[in-house]
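Take a look at the structure set out below.
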Amino acid sequence: MLEKTYDPKPVEEARLAAWEAAKLYKATAGTAVPFTIVIPPPNVTGALHIGHALNNTLQDAFIRHQRLRGRPTCWIPGTDHGGIATQNVMEKQLKAEKVDRQALGRAAFLERMQAWTRDCKKTILGQLRRLGCSLDWEREAFTMDEARAKAVFVAFKTLWEKGLIYRGERLVNWCVRCGTALSDIEVEREERKGGLYHIHYKLEGGGEGAVVATTRPETMFGDTAVAVSPKDSRWTHLVGKKVLIPFISRAIPVIADAHVDFEFGTGCLKVTPAHDQADWEIGQRHGLPAIKAIGPDGKLTEAAGLYAGLSREKGRDQVIADLESTGLLRKKEDHKSAVQVCYRCGSVIEPLLSLQWFVKQIELAKPALKALDEGQFKIYPSNWTKPYRDWLVNMRDWCVSRQIWWGHRIPVWYKDGAEPRVSLESPGPGWTQDPDVLDTWFSSALWPLSVFGWPDKTADLAYYYPTSTLVTGYEILYLWVARMQMMGLAFEGKVPFSEAVIHGIVRDRGGKKMSKSIGNVIDPLLMMDKYGTDALRFSLMAQAHPGRDIAFDEQSVLAARNFVNKLWNSTRFVLMNLPESSKGVRYQLEALSSARLELADAWILSRYQATLAKAQLHLDAYEPAVAAEALYAFLWDEFCDWYIELAKGRLTGAEGVEKEAARTILVGVLVGTVKALHPLMPFVTEELYGALKPFVGETTEFILNGGYQTAARDWSNPAAEKEMGLLMGAVTSIRSLRAQLNVPLGLKIKALASGPLAADVVGKHNSYVSLLARLEILQASVGPRPAQSATAVADGVTFYVPLAGLIDFTKERERLAKDLVKAEGDIGKCEAKLNNLTAAPNVPAEKIVEAKSQHEAAVARSARLKETLAVLSWP
RNA sequence: GCCCAGUUGGCGCAGUGGUAGCGCGUUCCCUUGACAUGGGAAAGGUCAUAGGUUCAAAUCCUAUACUGGGCACCA
């Protein structure tokens, strides 16, 4: 016998152990097209957060769903070494221990990183297990393990040989804090307040000179020109002359360039090719030299004269102060500008001229564009397609070298006087390897290939590649998704996955981004501890509308927990009503005799079928929220609240075919629903399935081994759904009357039915209505409405409930008057619709029939309410 | 600046042309043999605004406002 409330902990532990022991998640193969997902490998930076819980629950739900539909499935687990992010974590640890990274040395540092990675992987993979992820654990991969290192090397070498990788001195995004270059998409923009400074540059040899406007005065020591717009008559007289940089008095030419906007600032732009992208381009056009005013350490260089050695920030303050005191600062305006910051540490990016490795993008992007335009690759929801496409079209070369230690070391060796060589090992004495490592996204880009053993032509690669779907957040659409497409097409000629499912971010209750500094982060483990894994999963899935962010409220996990418990208890109820002796009797829906079905039976079977179809359809379409909603509403509002209550009539009665029919439907519908819920809440459903399966003659050990319940019969029954709907309305009307007139439950009441449906209600469905509305007697009303009675009006039937001495007639009149207002409103709406339809051409006849019956029903309801009110005025 | 989403009861969200729904919360009643993690009842929204298309608009179109996001930026 099941416990009274569901206790997740022991069930989850037992199920995890059983699944693991049975190697249930081992990838399956078969003749059908496999459904394959590679996990977006979490960085080994710490524990999983709620976003990971969302991402992985989605994947697990899709994988389980496809497997239950009968497809071979494969879901690959793994982790990412995470480059800068992970190195930052380690650096923080070292700082706390007061250890200097440089003093520690590269080898010792990497050893510590390996140890950290081992621990972290264990944590992350353990958390994925706990979340119930049906990952094929034997295929665990890491972006820096041996197999993946081989893939990285071969990819690098191949690109090198094709001439798609080059080394060159370019202006790159430099993070001063991380001490490394970043790619363009690793840079974020933040609006910050600052100043716009108007600085006077004197004319060489005397004269007025120019006034430039800049937000970065400290870079002036790197200026190599002043540019004005060719159309700007204010400054044309200066073009060709030279001006002097303040303090260092280096002379620089005044040039004309169309890039300059003469309406901005003073119309004079100082050109610093070594520290600004636009200036770099002007420099290229005019053959200007690039002089570095700021070094990789973020400090002003020798070029800054007396200011050398100051940090960027201090240098700026000092320069401004000195300009002011020397009268060269002509004006200072407040100015908002979008500064670039490092996506990992948030510090301000310094555009810096440096020697880096780049991957040419144009040729790689072309096949990716083609795949998109020809429909080989689709993005869900589709509104991300355009940004993705635009990015592919406009991308610049990808800077792949990083000046950190943690990562795949660039496999290029140098020797004086020799051409550099690409090699894993040292080519011989005297060769030194490039000290830099590759961008972590380089290995991530190869992930769908490398997890299947690429570059080797493995059987796995042949069978599982291309994979089916990639599930990820929109924040790494360019960083990762696009690059996988490019690499997959470049190396295997096929898209790595034909669909990308883009989900949103989990935010806090108020819609704010979760962050440790604000302190609004939700720990998924805590939620699992408190409410159970299934509750967390269901809560996330119920809110996971494609591409939309989730405002996460702990209340929703509580609600999901309650739903899990509802499922648990409905199963408990059904089991209680199945005689132990019937284990093996095989209750089967297929065997039911249609002639013996009651209205409620036909109704619930019809609803059951429609619900399962809806849930599957939406899981196919990657819309788990709709599936979750449908199953939730069916199980709770229809199966439990109505069907179980009605079945109680037969279950408490004598043994016989009617009772057996009720048992068959209860257990059959429940088993099917449990299986349908399995992708969303694997633990509790597995447990319940274990308890239910003996009664339906199933011996499959786990739900995943069996598959969804397949319908051998078509239960669809619109007539039963409609009739049941009327009956439910009738029941609700009496319940409402009871509640509003405060008729105590203990009071035995009688109801008299009149109206067109009265005969049916009293004849065929007497027991249903009596049971659910708690009536002592339900009879047809003969003669006039009894005095001293309350009235409940439903579609097709009116009930009189004699309540001598109990009714407050004023209250009753108020109640009915309110109903009347609503009924009249309905008539208005129905009338408008009917008039519209009859006046309009080309309206299908059945639409008019439907509108007519709706109108008639509303009119009838209103008429009966009016009658009653009239009678009530003289009780 | 360009582009994309969103705007529906207190909160969070469904709802792609035909009488506005759900969950949570709120109010009242109820411990009746599955479940108080429960049951019943009720209150609460002219679906951001202004136009338009249509017999009929939360739903389609246009504009505006606000919010969020993507991209590109004036140094």
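The values are calculated or read from the model by the stated rules, or taken from the named source; none is laboratory data. Treat the numbers as computed from the prediction; the structure is a model and nothing was measured. Methodologically, a virtual Cβ is constructed for each residue, glycine included, from the backbone with ideal geometry; neighbour enumeration extends over all protein chains shown. Accessible surface areas use protein heavy atoms only, side chains included; no ligands, DNA or RNA. Shrake-Rupley method; radii C 1.70, N 1.55, O 1.52, S 1.80 Å.
Some points to look at:
- Over region A:207-311 - Rg/Rh using Cα atoms and the Kirkwood inverse-distance radius: 0.96
- The solvent-accessible area of A:Tyr464, taken with every protein chain present and a 1.4 Å probe, is close to 10 Å².
- Charge tally in the Cβ shell below 13 Å around A:Leu837, where Lys, Arg are +1 and Asp, Glu are -1, A:Leu837 excluded: +1
- Extension gain for A:Glu324-A:Val348 works out to 6.1 nm (0.36 nm per residue, less the C-alpha to C-alpha distance).
- Mean Kyte hydropathy of -1.0 or more with a Cα span along the axis of at least 27 Å, helices from DSSP in chain A: A:106-130, A:554-576, A:599-620, A:657-677, A:718-740, A:809-839, A:845-872
- Within the accessible area of region A:216-261, the carbon and sulfur atoms contribute 57%, probe 1.4 Å, all protein chains present.
- Rolling a 1.4 Å probe over the protein chains gives A:Leu677 an accessible area of about 0 Å².
- Span from the region A:602-637 Cα centroid across to the region A:311-351 one, whole angstrom: 59
- Within the straight-line cut-off of under 27 Å between alpha carbons, the lysines reachable from A:Lys566 are A:Lys4, A:Lys9, A:Lys530, A:Lys583, A:Lys614, A:Lys648, A:Lys659, A:Lys675, A:Lys693, A:Lys722, sequence neighbours fewer than 8 places apart in one chain being disregarded.
- Applying a DSSP loop filter and a limit of 15 other Cβ atoms within 10 Å to the trypsin sites (Lys or Arg not before Pro) in region A:739-815 leaves A:Lys748, A:Lys764.
- Calculated FRET efficiency for the pair A:Lys336/A:Gln284, C-beta based, R₀ 22 Å, to 0.05: 0.15
- Region A:513-618: radius of gyration over Cα atoms, expressed as a fraction of 2.2 N^0.38 Å: 1.53
- Charge context of A:Phe264, other residues only, Cβ under 12 angstrom, K/R +1, D/E -1: -4
- Long-range tail of P(r) for chain A (Cα pairs > 48 Å, %): 43
- Relative compactness, region A:736-790, computed as alpha-carbon Rg over 2.2 N^0.38 Å: 1.13
- Candidate cross-link partners of A:Lys370 among the lysines, defined by an alpha-carbon separation under 21 Å and a same-chain spacing of 8 or more, comprise A:Lys162, A:Lys360, A:Lys378, A:Lys386, A:Lys494.
- Per-peptide average of other Cβ atoms within 10 Å, ordering A:202-209, A:735-742 highest first: A:735-742, A:202-209
- Share of carbon and sulfur in the accessible area of region A:1-137 stands at 55%, probe radius 1.4 Å.
- Modelled FRET efficiency - R0 41 Å, A:Ala845 with A:Glu263, Cβ distances, 0.05 increments: 0.05
- The convex hull defined by the C-alpha atoms of region A:157-229 has an orientation-averaged projected area of 9.0 nm².
- Summary of the geometry: region A:811-875 and region A:756-805, compared by the centres of their Cα atoms, lie 21 Å apart.
- Within the accessible surface of region A:397-456, defined with a 1.4 Å probe on protein heavy atoms only, the carbon and sulfur portion equals 49 percent.
- Pairwise Cα distances in region A:731-875 exceed 20 Å for 51 percent of all pairs.
- Annotation for region A:137-187 versus region A:556-593: alpha-carbon center distance of 54 Å.
- Backbone N atoms of region A:124-144 closer than 18 Å to the 7 Å Cα→Cβ label point of A:Glu20 belong to residues A:124-141.
- Loop-resident GluC sites (Glu not before Pro) (DSSP state other than H, G, I, E or B) in region A:652-736 with no more than 12 further Cβ atoms inside 10 Å of their Cβ: A:Glu655.
- A 1.4 Å probe run over the protein chains yields, for region A:476-520, 39 Å² of accessible area per residue, whole-number rounding.
- Estimated 222 nm signal from helices in chain A, with DSSP H stretches of n ≥ 4 weighted -39500 (n - 2.57), rounded to 500: -14000 deg cm²/dmol
- Candidate lysines - alpha carbon under 27 Å from A:Lys332, same-chain residues fewer than 8 apart omitted: A:Lys193, A:Lys202, A:Lys231, A:Lys241, A:Lys242, A:Lys270, A:Lys292, A:Lys299, A:Lys314
- Net charge of Cβ neighbours under 10 Å - reference A:Ser539; Lys, Arg +1; Asp, Glu -1: -1
- Think of a 1.4 Å ball rolled over the protein heavy atoms: region A:1-126 then has 44 Å² of accessible area per residue.
- Accessible-area value, A:Ile749, 1.4 Å probe, nucleic acids and ligands omitted, Å²: 10
- At a probe radius of 1.4 angstrom, the accessible area of region A:402-449 per residue rounds to 40 square angstrom.
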